[in-house]
Amino acid sequence: MQIYITDYLTLNVIQSFQLFALILIIPLPILSYLWFRYYNIIITEGKKYVGEKYTEEEILLLPSSSKKVKISGKTVIIVNGVNAWITIRVNGGPKQKVFKIRLLNSSGELELINESKVFQLKVILRRSA
């Protein structure tokens, strides 16, 4: 029985592809588990930032809209919705992008901007009392 070089090359290509696929697939469950575990810890601890006495306000931002609110002291911004990005501006300063959660410790005016053209956002503001 003769084995040709093309058979070896084909076998090597298949084996290397299988190894490559295995290297890509194995970390996926591990990384997913770690992401969900630490994501919940970050959100939970972020909510505790303002302390035990706080006021909570829910704001619904329609697409391409903004809202200004007064803040003083510690504030937590939590973004819920399909698109978890929001743009904020503190005291008329530069725009800042926020993903899911932002901790602030300032006084003045906070502008919440939904730059999405399609999705509405639900923003939860927790302010220390």
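All of the numbers you see were taken from the coordinates with simple rules; none came from a lab. Since the structure is predicted, the reported quantities are computational estimates derived from the model, not experimental observations. With ideal geometry, Cβ positions are generated from the backbone for all residues, glycine too; neighbour counts draw on all protein chains shown.
Quick look at the numbers
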{"read-out": "Neighbour-count order for 37, 102, fewest beta carbons within 10 angstrom listed first", "value": "37, 102"}
{"read-out": "Theoretical ellipticity at 222 nm over the chain - DSSP helices of four or more residues, -39500 (n - 2.57) apiece, nearest 500", "value": "-11500 deg cm²/dmol"}
{"read-out": "The chain: C-alpha pair distances exceeding 20 Å, %", "value": "58 percent"}
{"read-out": "Least to most buried among 90, 82, 69 (fewest other Cβ within 10 Å first)", "value": "82, 69, 90"}
{"read-out": "Net charge of neighbours whose Cβ lies under 10 Å from the Cβ of residue 80, counting Lys and Arg as +1 and Asp and Glu as -1", "value": "+1"}
{"read-out": "Nearest-ten-degree value, helix 27-47 long axis tilted from longest Cα axis of the chain", "value": "10 degrees"}
{"read-out": "Percentage relative contact order, the chain, counting C-alpha pairs under 8 Å, at least six apart", "value": "31 percent"}
